[in-house]
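Below you'll find the structure, written out as structure tokens, and then a few comments.
Quick note: the coordinates plus some simple rules give every number you see, no bench work behind them. Since this is a predicted model, take the numbers as computed values, not measurements. Cβ coordinates were reconstructed from backbone atoms using ideal geometry, including for glycine residues, and neighbour counts include every protein chain displayed.
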Amino acid sequence: MGLVAVTGSKQRQEVYFDPAMGPHSPTSPTRRGVLKKGLFGGALLLLGSSGWLASRATKRVPLPEEGLKVLSPRQYAVLHALAEALIPASGAFPSAEKLRVAFEADRILERVDVTAQTEITALIGLFENALANAIFGQRLRPFTQLEPTEREKAALEWRDSRLAVRRTGFRALRGLLMAAYYGNPAVFAAIGYAGPPQGLHDAHAPVWKGGGTPRPKLWELSR
């Protein structure tokens, strides 16, 4: 997704986060393709919805009271499980579940274009797919039904795969989850980030009540 740049650290990876791309920002990410197109990549994504193993049940989780905008309940459960595998609670860092990372990821996806939404949701299906897990990791269960340690192993296999489509897919899903996590103000202190510069957004600014008339620009008001 290109929302977060991450560099190594023993305890927790250091993150250079662009506040404008976080889940609490009104700014929509620009249109970018997640996967390189190709016959093999397309065939691999089709595994997300084919075969007996592919249809094995997902372990569901409670849905957010606010509802979902882009993700299905199944896709939400998969992202929830992946977030727990990639972002465990550690020291001053809250857990992914506490910060509702899967929910925030759904809200980020609401602001991207339809092409990116389609690719991301297809990747989520492939990540969960028991057939793909059997082929690449010799596991006959969907990702959500794996034990926590097995989920971590499965995620690392995606990261280190010799197949570009799996490595690219992993980076896309990780970028989405990291943006949802590190964009939460509850994490700012833990990473030494002071927050967005003051004056960029005023939460108490008057609500525009001009109906269908466009809000005037600042330079127009000064004329």
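Side notes on the structure shown:
- Label point distance in nm, A186-R60, each placed 7 Å from Cα along Cα→Cβ: 2.5 nm
- Nearest-0.05 FRET efficiency for Y193 and E157, computed from C-beta distance (R0 25 Å): 0.20
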